[in-house]
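The values are calculated or read from the model by the stated rules, or taken from the named source; none is laboratory data. Bear in mind that the values here come from a model prediction, so they are computed numbers and not experimental data. Every residue, glycine among them, receives a Cβ derived from its backbone with ideal geometry; neighbour counts consider all protein chains shown. The protein model used for the area step is the full one, side chains on, heavy atoms only, and it has no ligands, DNA or RNA in it. Shrake-Rupley method; radii C 1.70, N 1.55, O 1.52, S 1.80 Å.
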Amino acid sequence: MKKNLNFFTLAAIIFLISCAGNKKNIISIDLDHGWKFKTGDDLSWAKPEADDSKWDSISTGKLWEEQGHDNYDGYAWYRIKVLIPSSLKESSYLKDSLQFILGKIDDCDQFFLNGTLIGENNTLTSNPIADSIFSKLSGFYATDRNYILAVNSPKILWDKENVLAVRVSDHGGGGGMYSSHLRIQMMDIRDKILIDKSSSSFKFEGDKTNKTYVIKNGSGIGLKGKLTITANIDETKEVLYTFEENLDLKPGESKEYPVSFKAVTNATSVNFVFKHSDSKIVVESTDQAPYILTPKSGDEPKINGARVVGVRPGKPFLFNIPATGLRPMTFEAKNLPQGLVVDANTGIITGKVSQKGDYKIALTAKNSKGEVTRELIIKVGDQIMLTPPMGWNSWNCWGLSVDQKKVIQSAHVFKEKGLMEHGWAFINIDDGWEAKRDAKGEILANEKFPNMKALGDSLHKLGLKFGIYSSPGPLTCGGYTASYQHEAQDAKTYAKWGIDYLKYDWCSYGQIAKDNSLAELKKPYVVMQKALSEVDRDIVYSLCQYGMGNVWEWGSEVNGNLWRTTGDIVDTWESLSQIGFNQVKNAPNAGPGHWNDPDMLIVGWVGWGPSLHPTRLTINEQYTHISLWSLLSAPLLIGCDLNRLDDFTLNLLTNDEVIDINQDPLGKQATPKITKGNTQIWVKELEDGGKAVGIFNLGDKSEKVTVTLSEIGITEKQNVRDVWRQKDMGTFDTSFETSVGSHGVMLLKLSAK
């Protein structure tokens, strides 16, 4: 634990962040050290005169669980005393606003300066559980806390001691202030030249990559200076685009800047540099351009997606033949068992089969460019979901603001953008659809969903499956009506609506469970499993309880088809890498019909509704995300706003060779074979005897990696295929070498020569 520092010492920690060629410097007060900490809750602790001399010292660079407060949930307070010198104002060109940069906080916070509430990430209540749930729903715990005051605010005591106090609420998982580089500094030109990188997306037109940026002056004075925009390949530094002009922006004025350069298959950065004429302050910003690796599908028909599908005897069957190629297209399905029929125009197979057995079906797709046939095995038996589910879930984009219009729009994008042609099948409503119960106790949908039965029918007509959400407790995570003591009734209602998938989220059941014993963790999932087994539909059963009690060891006992193995994912490298690369000990428990679920995909426009933003993952990190989830045989549930599905994200989600790795009928989960420095090599066995290999670089720089076949359990000569580029790399006897970008991946398929 670091020693506590008094405010005079802290004042001496003021350091200079210099700017190239700058006559003035931005002075920043470092707040990384000297914080005091106390669990519990008392609003008087915000007051300057509160006695914190016996409080613990704490680091704000780690969660409080990592600093001796194991499994603490509830409220806690942080305090620090700081001398704020008036020289800060003189160091700034604009001299108008002071900002307090507090980093990330898990989950909720209120910030006080000298006893006065300055701001909060949401309104804290007397219930830390509710606070924490709201924060998680909104993704606040992954958002930096920046609080701003005008320099003439009487709340700031210039050249005197100031007391900063942060009230934090947490329930479940980690808690507290957990990111370093906390500081106090003046807002300056860097904060006022706003480069909008989100309002438009990159477009790929011919051999060009295009995007239009908007630069805005957010200050109250005119800003003049030299603007330079360049685009260059990260690894080779090859310059693809350059532009310069003398920029003159009036207060509040915006200008558009279209950028266009040749499309490449490497990480490329678009760089902005603005040199302010008067102060010489330099403002820099970078955007990463997406690069498309996967070739476009051809006009010839090609059947994609799962090669095996399960259904229980006598239960409704729905399967859309996923096929790319020029439309119109016609379909056949030879050797269908009695009770099933195929629509020749849509390729949708429906009906019921009463006789158990494995049925080998010859699927055929035909258009003006040719004809193709592929085998599909329909297994009629006790198990469903023989490959991981692929679909869309409303949560990561719309949160509680989901409505029927958004769901229908998403379904139509599945069809219009061709996602269905690659095997994407489920449209799932998450929390936020529920109303109260009627006089008979039947669950009702709220005004946002006027007709659930009609919605289900419309999705099925498109060839899609329909998912819904509930909780075993009295309330869902969002505070809506859940299934406690109405499980059988709700299961019947879901069947009546045509539901094909149920996500069952622990949430408020924590208030019902007697303890954290395995029996109590399993109990509510057993109850709903029994209810689902008694309805006349196959309903995929998704257990959402964050891995408690090692759910992967018992999830299949309650007929779970998938189970969350972790807490909620957010769109950061820290979250993605921590979750994805720790799916190791659960690998033996994955297989056909029962899958480990490391949470939904965080590509595209996300935000937990209603405000959305482009994923914060870099392009390399997005390739890593899809590659790793495919190797893990993880459920693939898109979480973005499909109306904003850009060319890159669509391409990312429609590489059939990558999807084949995820949907491989053997159902084995990859495991790491080599972990050396920043490199991890994961290997997945495939049904055809080949192996899928993911070479990951977790470091901050590109690395050359030599793969020795014997070290990953291969003794024969291998054909090596780059799966993302759908291109053969050659035949190798003992080893091969490749380069992997920062946070990037090479996804390969190895087959014996």
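Could you tell me which of the pairs LYS203/LYS415; LYS95/LYS226; LYS530/LYS749 are separated by over 29 angstrom between their Cα atoms in the structure shown?
Pairs exceeding the cut-off: LYS530/LYS749.
Only four residue types carry charge here, +1 at the Cβ of Lys and Arg and -1 at the Cβ of Asp and Glu. Report the dipole size of the chain about the Cα centre in Debye, rounded to the nearest 20.
Taking the Cα centre of the chain as origin, the dipole is about 720 debye.
Which whole-angstrom value gives the distance between the alpha carbon centres of the stretch 498-544 and the stretch 29-44?
If we compute the Cα centre of each part, the gap is 40 Å.
Could you pull the Rg and Dmax for the chain, using just the Cα atoms, both in Å?
Answer for the chain, Rg first and Dmax second: 27.9, 86 Å.
According to a simple spin-label model (label point 7 Å from Cα along Cα-to-Cβ), what is the distance in nm between ASP722 and ASN246?
According to this spin-label approximation, the distance is 4.6 nm.
Could you tell me which of the pairs LYS302/LYS465; LYS38/LYS104; LYS104/LYS406 are separated by over 24 angstrom between their Cα atoms in the structure shown?
Flagged as over cut-off: LYS104/LYS406.
Any chance you could run the full-extension gain for VAL239 through SER87? It's 0.36 nm times the residue separation minus the Cα-Cα distance, nm to one decimal. Numbers along the way, then the final one.
Values: separation 152, 0.36 × 152 = 54.72 nm, distance 4.15 nm.
Full extension of this stretch gives 50.6 nm more.
To the nearest 0.05, how large is the calculated FRET efficiency for GLU442 and GLU256 if R₀ is 56 Å and r is the Cβ-Cβ distance?
Details: r = 54 Å, r/R0 = 0.96.
Result of the calculation: an efficiency of 0.55.
Quote the charge dipole size of the stretch 666-714 about the Cα centre in Debye, to the nearest 20; the model charges only the Cβ of Lys and Arg (+1) and of Asp and Glu (-1).
120
Give me the Kirkwood hydrodynamic radius of the stretch 624-705 in Å, from all C-alpha pairs, to one decimal place?
14.0 Å is the Kirkwood radius here.
Where Lys and Arg each count +1 and Asp and Glu each count -1, what net charge lies around GLU534 among other residues with Cβ under 14 Å from its Cβ?
With Lys, Arg at +1 and Asp, Glu at -1, the neighbours total +2.
Which listed residue (ALA491, GLN511, PRO472) has the Cα farthest towards the positive end of the charge dipole for the stretch 415-525, taking +1 on Lys and Arg C-beta and -1 on Asp and Glu C-beta about the Cα centre?
ALA491
For the chain, which whole-number percentage of the solvent-accessible area (1.4 Å probe, protein heavy atoms only) is attributable to carbon and sulfur atoms?
Ligands and nucleic acids excluded, carbon and sulfur reach 49 percent.
Just order 263-273, 200-210 by mean Cβ neighbour count inside 10 Å, highest at the front, would you?
On the way: 263-273: 18.0, 200-210: 15.2.
Ranking the peptides 263-273, 200-210 by packing returns 263-273, 200-210.
Could you tell me whether the stretch 165-299 comes out rounded, prolate or oblate from its Cα gyration tensor? Rule is a ≥ b ≥ c as square roots of the eigenvalues, rounded for a/c under 1.5, then prolate if a/b exceeds b/c, otherwise oblate. Working shown, then result.
Working: a/c = 2.24, a/b = 1.19, b/c = 1.88.
Judged from the Cα gyration tensor, the stretch 165-299 comes out oblate (a/c at least 1.5, b/c at or above a/b).
Hey, if you put +1 on the Cβ of every Lys and Arg and -1 on every Asp and Glu Cβ in the chain, which of ALA435, ASN367, HIS171 ends up farthest toward the positive end of that dipole?
Comparing the listed Cα positions along the dipole, ASN367 ranks first.
State the answer as a single residue: which of PRO316, TYR257, GLY298 lies farthest towards the positive end of the charge dipole of the stretch 245-382, with beta carbon charges of +1 for Lys and Arg and -1 for Asp and Glu, about the Cα centre.
PRO316
Using Cα-only point scatterers and the Debye equation, what is log10 of I(q)/I(0) for the stretch 50-117 at each q in 0.19, 0.20, 0.23 Å⁻¹, rounded to two decimals?
Relative scattering, expressed as log10 I(q)/I(0), comes to -0.99, -1.06, -1.25.
Distance from a point 7 Å along Cα→Cβ of ASN146 to each backbone N in the stretch 217-240: keep the residues under 17 Å and list them by number.
Only 217-220 pass the distance filter.
By per-residue mean of other Cβ atoms within 10 Å, what is the highest-first order of 369-380, 440-451? Don't jump to the answer; show the numbers that get you there.
Values: 369-380: 16.7, 440-451: 14.2.
Highest-to-lowest ranking by the protection proxy: 369-380, 440-451.
Working from Cα positions, state the angle (0 to 90°, nearest 10) between the long axis of helix 619-631 and the longest principal axis of the chain.
For 619-631 against the chain, the angle is about 40 degrees.
Please work out the Cα convex hull volume for the stretch 563-678 and give it in Å³ per residue.
Looking at the stretch 563-678, the number lands at 116 Å³ per residue.
For the stretch 262-419, how big is the tail of P(r) above 25 Å, as a whole percent of Cα pairs?
Counting every Cα pair in the stretch 262-419, those more than 25 Å apart make up 54 percent.
From a point 7 Å beyond the Cα of LYS208 in the direction of its Cβ, which residues of the stretch 255-276 have a backbone N at a distance under 18 Å?
256-265, 270
Please give the per residue accessible area of the chain, computed with a probe of 1.4 Å over protein heavy atoms only, in Å². Don't skip to the end; give the middle numbers.
Numbers: 30870 Å² over 753 residues.
With all protein chains present, the chain gives 41 Å² per residue.
Can you give me the long-range amide H partners of ILE348? Hydrogens built in the peptide plane at 1.01 Å from N, cutoff under 5 Å, separation of 5 or more residues or another chain.
Placed amide hydrogens put ILE321, ASP343 under 5 Å from ILE348.
Rounded to the nearest 20 Debye, what is the dipole magnitude of the stretch 184-329 about its Cα centre when Lys and Arg each give +1 and Asp and Glu each give -1 at the C-beta?
For this selection, approximately 660 debye.
Name the GluC sites (Glu not before Pro) in the stretch 504-581 that are in a loop by DSSP and that have at most 13 other C-beta atoms within 10 Å, would you?
Numbers: sites: GLU520, GLU534, GLU553, GLU557, GLU574; in loops: GLU534.
Answer by residue number: GLU534.
Using only DSSP helix segments of four residues or longer, with each worth -39500 (n - 2.57), what per-residue ellipticity at 222 nm results for the chain after dividing by its residue count and rounding to 500?
After summing the helix terms and dividing by the residues of the chain, the value is -4000 deg cm²/dmol.
In the structure shown, do any of LYS275/LYS701; LYS315/LYS461; LYS296/LYS369; LYS522/LYS673; LYS503/LYS684 have a Cα-Cα gap over 22 Å, and if so which?
The pairs that break the limit, which is 22 Å between Cα atoms, are LYS275/LYS701; LYS522/LYS673; LYS503/LYS684.
Give the peptides 721-728, 647-654 in descending order of average Cβ contacts within 10 Å, highest first.
647-654, 721-728
Name the long-range amide H neighbours of ILE674: under 5 Å, sequence gap of 5 or more, or other chain; modelled H, no Pro or chain starts.
ILE681
Can you give the Kirkwood hydrodynamic radius for the stretch 455-609, in Å, rounded to one decimal and based on Cα pairs?
In the stretch 455-609 this quantity evaluates to 16.4 Å.
What Rg and what Dmax come out for the stretch 263-311 when only alpha-carbon atoms are used, in angstroms?
In order Rg, Dmax, the Cα atoms of the stretch 263-311 give 22.5, 72 Å.
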